[in-house]
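The values are calculated or read from the model by the stated rules, or taken from the named source; none is laboratory data. Because the structure is a prediction, the values reported are computed rather than measured. All Cβ positions, even for glycine, are placed from backbone atoms using ideal geometry, and neighbour counts span all protein chains on display.
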């Protein structure tokens, strides 16, 4: 279905307002527990405003072990908005939500430029609407999508800089370097990949080095937390543990499954007849990473939804898209109702049911990956042929 820029703008604005209405219940009730879980309107924005000293104007990384648990740009955004917005937890949430709404509108318009025929799906996706103001992820998602947009349009310098900024905001986009390397390899342009990766790294260092040198403990907190954390909410490992399969060495198993998944993806991409666009395959990387990671935060669906939309091939993919969105909204309700029970609500979701729904969500995301990958099956070549591929068709 073809839509205009005005329609996308209107839909994105409507989605932002609907999401705000959902979260505003908690703002009006002072973000109390278990109410904020019962009504599925919990947000990290007000929670961390006081817990990380942002209400006192404290620099995001100056508190050592109490510093914000995010990369540099996200921490700077959290701190800067707290400095500019009038004091008060709800003022902070409303101001931050306004900026996130503007980012969502920008992302919707960018998706329209990349995939106009399916762009309406992003502002209509229920799981994305439900998750818009949980965290600050949209700042990183916007720059990641810019990196993808520019890469596929051969603006590689701008893309590399945008990717470095995205990684400095939320670390997840670093995994896009894998399909980018494969695309350059398929094009026999590995020197360009080295240059691209170097620019990304230089951008990352330029942003991070001042903070790492001046407040090293606070800067390192994000990386230390992710290296040493155990299985957490939403993860495969947490669900299996609750269902009686408490595997040991979960850190190693997570890394092993990630390596297997990314290696399988690399082999698959190397067998395609022509080098794919980054926009077509970025979703594969993110699904693999999120399926085996040690945590899956509810707002992570905001990363997957625009990538899924721009990867859709035709209307036959819509059924699996909506099936996956249904599983994501089911998980969105499950995590909050389980936390409601944990925090003393009269009604809630038992841990076993929550864990089963977690596995359903993971399974639905893998089904989406398999369906989208199958769209490329007709473009496959024999393994011995991929080194010859420079973009021409094979007989």
- Kindly indicate which of 300, 296 is under 12 Å from the mean Cα position of the chain (by Cα), under 16 Å from residue 175 (Cβ atoms), outside any helix (DSSP H, G or I) and touching a residue at least 60 places away in the same chain (Cβ under 8 Å). 296
- Are any residues in the range 56-84 in a helix (DSSP H, G or I), within 23 Å of residue 27 (Cα to Cα) and at pLDDT below 95, and if so, which ones? 56
- Tell me, which helices (runs of 4 or more DSSP H) lie completely within the range 114-156 with 1 or more residues that are surrounded by fewer than 23 Cβ atoms within 10 Å (Cβ to Cβ) and without any contact (Cβ under 8 Å) to a residue 24 or more places away in the chain? 138-152
- Item | Residue count, the range 1-16 (criterion: in contact (Cβ under 8 Å) with a residue 24 or more places away in the chain, out of contact with any helix residue (DSSP H, G or I) (no Cβ under 8 Å at 6 or more places or on another chain) and in a helix (DSSP H, G or I)) | 1
- Do we have any residue at all in the range 329-336 that's more than 22 Å from the chain's Cα centre (by Cα) and under 29 Å from residue 279 (Cβ atoms)? no
- Query: Condition test on residue 212, is it assigned to a helix (DSSP H, G or I) and either more than 25 Å from residue 293 (Cβ to Cβ) or under 19 Å from the mean Cα position of the chain (by Cα) (or both)?
  - Reply: no
- Message: Among (1) more than 21 Å from residue 115 (Cβ to Cβ); (2) out of contact with any helix residue (DSSP H, G or I) (no Cβ under 6 Å at 6 or more places or on another chain); (3) in a helix (DSSP H, G or I), there is one condition residue 182 misses while meeting the rest; what is its number?
- Response: (2)
- Message: within 17 Å of residue 363 (Cα to Cα), assigned to a helix (DSSP H, G or I), under 17 Å from the mean Cα position of the chain (by Cα) and in contact (Cβ under 8 Å) with a residue 40 or more places away in the chain: is that true of residue 289 in this structure?
- Response: yes
- Query: Which members of the range 27-50 meet the condition of being outside any loop (DSSP other than H, G, I, E, B), closer than 25 Å to residue 66 by Cα and touching a helix residue (DSSP H, G or I) at 6+ places or on another chain (Cβ under 6 Å)?
  - Reply: 27, 36, 37, 45, 46, 49
- Task: Scan the range 85-106 residue by residue and report those that are in contact with a helix residue (DSSP H, G or I) (Cβ under 8 Å, 6 or more places away or on another chain), assigned to a helix (DSSP H, G or I) and over 18 Å from residue 31 (Cα atoms).
- Result: 99, 100, 101, 103, 104, 105, 106
